[in-house]
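Contents: one structure, followed by commentary.
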Amino acid sequence: MTASILVADDHDIARAGLIAMIGGQDDFHVAFDVRDGVEAVDACAARKPDLALLDIRMPRMDGLAAAREIRRVSPETRVMIITMHDSLDYLEAAIEAGATGYLLKDASRDDILRTIRRVLAGDAFFDGPLVARLLKRAATKPQTNNSGLETLTVREREVLTKVAGGLTNKEIGRALKISPGTVKIHVERIIGKLGAGDRTQAAVMAVRGGLVATSGEDQS
């Protein structure tokens, strides 16, 4: 059974292009497409797709608001933002809204397909250069409240440091000489202890809490 995908974009040409780009796959298909956030939420509530691909700027309800509502009405539906805006504010808002993917529309077809598969598999994936900039900015905004970092074990801190460095579970496993499955368990526990939405949000919290140092600053 192939995974079902909703595509939401108010620009007909952009929406059709994305549908054509990701069509013809053996493991997922575009089940339906809509033109705004309200239609996306209604469709997800009724049909429960495996993944919703959302543009950010749409009429009636934007992609960020739609992401929050989709997570409420169809928790099993994973949300991925695909947009032309390389904004740190949008990226951070998308993470806070519960999106598990954020990719720019100028990404290659292979990158888009790879990201869709990672998100469908349960991983979170966000545009790498944007995340690096977000972590640099996070370092300039230290946490003023109890971040929960003090509840992490030594091993969990090691894993989180690697997560903040952008490593995958396999890469973390090799670095720490543990299995990817064990890394996954650690990451899930870290996310739970920190009350984070996903591993990227946990990485941001680690930087703000001073667990991970970054070089340079980015105020954009």
Eligible aspartates and glutamates near K136 by straight Cα distance, threshold 20 Å, same-chain separation 8 or greater: D86, D89, E92, E96, D127, E158, D198, E217, D218
Sulfur and carbon atoms: percent of accessible area, the chain [1.4 Å]: 51 percent
Theoretical FRET efficiency, 1/(1+(r/R0)^6), r = Cβ-Cβ of A20 and E96, R0 25 Å, to 0.05: 0.20
Under the Karplus curve 6.51 cos²θ - 1.76 cosθ + 1.60, θ = phi - 60°, whole-Hz ³J(HN,Hα) for segment 49-60, x wherever Gly or Pro sits: x, 6, 8, 10, 9, 10, 6, 7, 8, 9, x, 6
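Of Y90, Y102, which has the most accessible area with a 1.4 Å probe, and how do the rest follow in descending order? Please report the intermediate quantities before stating the final value.
Details: Y90 55, Y102 0 Å².
So the residues, ranked largest to smallest area, are Y90, Y102.
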Label point at M84 placed 7 Å out along Cα→Cβ; residues across segment 4-30 whose backbone nitrogen lies under 18 Å: 8-21
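Per residue, what accessible area does the chain have, given a 1.4 Å probe and all protein chains present, in Å²? Before the final figure, lay out the partial values.
Details: 10580 Å² over 220 residues.
Ligands and nucleic acids excluded, the result is 48 Å² per residue.
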Cα-based reach from K193 at 16 Å (exclusive), listing lysines while leaving out same-chain residues under 8 positions away: K184
Sparse-neighbourhood loop sites, GluC sites (Glu not before Pro) in segment 73-165 - DSSP loop, at most 13 other Cβ within 10 angstrom: E76
The chain: radius of gyration and largest Cα-Cα distance (Dmax), Å: 17.5, 51
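Using per-residue counts of other Cβ atoms within 10 Å, averaged over each peptide, order 36-43, 180-187 from highest down. Could you put the intermediate results ahead of the total?
Numbers: 36-43: 21.5, 180-187: 17.5.
Taking the mean over residues of other Cβ atoms within 10 Å, the ranking is 36-43, 180-187.
Please go through segment 42-107 and write out the trypsin sites (Lys or Arg not before Pro) that DSSP classes as loop and that have at most 16 other C-beta atoms within 10 Å.
Values: sites: R47, R57, R60, R68, R71, R72, R78, K105; in loops: R57, R60, K105.
For trypsin sites (Lys or Arg not before Pro) across segment 42-107 that sit outside H, G, I, E and B with at most 16 neighbouring Cβ atoms in 10 Å, the list reads R57, R60, K105.
The values are calculated or read from the model by the stated rules, or taken from the named source; none is laboratory data. It should be emphasised that the depicted structure is a prediction, and the values quoted were computed from it without experimental measurement. Heads up, the Cβs are rebuilt from the backbone with ideal geometry, glycines too, and the neighbour counts pull from every protein chain shown. The area values use the complete protein model at the heavy-atom level, side chains included, leaving out ligands, DNA and RNA. Shrake-Rupley method; radii C 1.70, N 1.55, O 1.52, S 1.80 Å.
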